[in-house]
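Just so you know, all these numbers are worked out from the coordinates, no wet-lab data involved. Here the structure is a predicted model, which means the values were calculated and not measured. We place every Cβ from the backbone using ideal geometry, glycine too, and count neighbours over all the protein chains shown.
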Amino acid sequence: MTGRLATPAQADQEYGRGRIDGARQVGTGFYAAALGFSRAALYRVFARHGQSVSATIWTARLERARGLLTSAGGVGIAIADVAAMCGFRETPTFSRMCRRPYGRTPTDAREGRAG
């Protein structure tokens, strides 16, 4: 599928399949290269669909983190390690970014508390 993505959803699928490693500090240049696009072409694909490349990257990181925090397999992983595994350099930034869309902190998510 590399270089032939028609929608941001397809880019998300490639991210989810591990073709783009969320453990790195993924920027739009890396994202574009991993999918076989120039940065400009990637921005055009997303713009055609009214979406933002950077917002999609942040959302993918947060979804991966939420999955780790709430799954049985992620129970033994420290929140700081989940943050790092999902491309966040600092745990406080990770906590703030989780709180925005989900209304709760990573600790709350792990413990099943509402925000």
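Structure values in brief
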item: Orientation-averaged projected area, Cα convex hull of the range 25-94 (nm²); result: 5.2
item: Sparse-neighbourhood loop sites, GluC sites (Glu not before Pro) in the range 26-115 - DSSP loop, at most 15 other Cβ within 10 angstrom; result: Glu90
item: Ranking of Val82, Val75, Val53 by count of other Cβ atoms within 10 Å, fewest first; result: Val75, Val53, Val82
item: Alpha-carbon Rg/Rh ratio, for the range 76-115, with Rh computed the Kirkwood way; result: 0.95
